Structure formats: C-alpha cells, structure tokens
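Working notes, beginning with the structure itself.
The values are calculated or read from the model by the stated rules, or taken from the named source; none is laboratory data. Just so we're clear, the structure is a prediction, and the values are computed from it rather than from any experiment. Note: ideal-geometry Cβ built from the backbone for every residue, glycine included; neighbour counts use all protein chains shown. Surface areas here come from the heavy atoms of the whole protein model, side chains and all, with no ligands, DNA or RNA. Shrake-Rupley method; radii C 1.70, N 1.55, O 1.52, S 1.80 Å.
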Amino acid sequence: MPVRPATAHDAGFLRRILQEAYNWNGEQRFTAEQLAADPHAARYVADWPRGGDFGVVAETGDGEPVGAAWARCLPEDRPGYGFVAADVPELTLGVLPAHRGRGLGRSLMEALIRAAAEQDGPVTRLSLSVEDGNPAARLYTSLGFVRAGREGGSDTMVLDVPGRRG
Ligand SMILES: CC(C)(COP(=O)(O)OP(=O)(O)OC[C@H]1O[C@@H](n2cnc3c(N)ncnc32)[C@H](O)[C@@H]1OP(=O)(O)O)[C@@H](O)C(=O)NCCC(=O)NCCS
C-alpha cells in the first residue's frame, strides 16, 4: 500500500489516528469529542502542519487513508507524554483496525524515520511514549528505539535517527 507525505489536508485523519493511539487497547477510553476538548491531546495535532512537523500517510489504491505516523516538537512547558527535549520530535502512530497486521505500521515507521533523516532542521532523535502492554513496543524496539525513561505507566523510547545527513 502506498505511503505518502502527510499534508494539511490530512489534519482530520491525523485526529482520527490520534484517537486510535489513545484507545490502543480496543476500549473506547476517549471519544473524538473528549480528545478534541483535551488540551494535552490537542498538542499533537493542533494547527497541523506547523513548521518542523512531518508525517506520512498510508492509503489504499482509491486514495482512502488507513494509517499515519507523524512527528512534532513540543515545548518543555507543554510537553507530550514522550517528551525528552524541545528539539526532539515526538511521534504518533496508528493504523485503522481493519488494516492492522499487514505490515503497514512498520512501513509507516520506516518512512517516518527516513523523513526524519531528510528534514532540513537537525532531527537527530525521535521520541515516543508507549503504554505498558501495548504490543507496538515490539515494533519500536525492532526499529532501534530504546527505553529512555518512565512516565506513569508508559515507557518513553528514543531512536537515534540513522543516516542523518550532514
Ligand atoms: C501499532 C500499530 C500501528 C501497528 O500497525 P500494524 O499495521 O498492525 O503493524 P505491522 O503489521 O506493521 O506489524 C509491525 C509489528 O508490530 C508489532 N505489533 C503491533 N501490534 C501488534 C499486536 N496487536 N499483536 C502482535 N504484534 C503487534 C509486531 O511486533 C509486528 O512485528 P512484525 O513486523 O515482526 O510482524 C497498530 O496496531 C495500531 O494502530 N494500534 C493502535 C494504535 C497504537 O497503539 N499506536 C501506537 C501508540 S504508542
């Protein structure tokens, strides 16, 4: 399935995927309305795309988006769950339930890591937060992410972006 760069037109879909990431365990812990009203959740997608944001979208041959991964730097006084530093973008990943288990999550992550290496700004690391029990942690580990800290019931993981130019 093709993976393409995320654009301003994908803002609504990224919000949909953010909801999948918040509800990763299959329970409807957060409705779309709750997430939209939650200032912490909004940080990941507000005003998409801001300068320095980058992301990728997987879509069907019909152009239907089914998964996305994106990264954004957040400030220390309004951090994300996986904050390590203000110049380290934190990523969000999700695939719609009907399309999981076919390699899309891995393809999206690989494309996002390549995009990180190609950014004009110095993206030397990527970070994320993964809650205990989420099998996505295995994907991250296999891509080279390592545990860098704990926040509540979640691991913060960091990747040194490989092949960073310059
Ligand atoms: C995590 C997620 C994006 C993976 O997408 P996917 O398309 O199913 O992933 P892939 O088919 O590429 O599988 C990649 C790896 O993910 C791991 N994995 C992810 N979810 C898994 C699950 N439910 N069960 C088993 N393994 C899983 C496996 O290690 C797999 O390894 P493999 O490539 O060696 O088979 C998807 O399950 C999802 O959207 N989950 C809900 C949102 C979420 O958890 N986001 C991450 C928040 S930190």
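Below is a table of values for the structure above.
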{"quantity": "Counted residues, the range 26-48 - those being out of contact with any helix residue (DSSP H, G or I) (no Cβ under 6 Å at 6 or more places or on another chain) and either among the aliphatic types (A, V, I, L, M) or more than 17 Å from Thr156 (Cβ to Cβ) (or both)", "calculated": "14"}
{"quantity": "Matching entry among Glu33, Glu64 (being open to solvent by 60 Å² or more (accessible area, probe 1.4 Å), farther than 18 Å from Glu90 by Cβ and at pLDDT 95 or above)", "calculated": "Glu64"}
{"quantity": "All positions within the range 52-66 that are within 16 Å of the ligand (Cβ to nearest atom), out of contact with any His (no Cβ under 6 Å at 6 or more places or on another chain) and in contact (Cβ under 8 Å) with a residue 24 or more places away in the chain", "calculated": "Gly55, Val56, Val57, Ala58, Glu59, Thr60, Pro65"}
{"quantity": "Residue within the range 103-122 that is polar (S, T, N, Q), part of a loop (DSSP other than H, G, I, E, B) and either within 11 Å of the ligand (Cβ to nearest atom) or out of contact with any Phe, Trp or Tyr (no Cβ under 9 Å at 6 or more places or on another chain) (or both) present", "calculated": "no"}
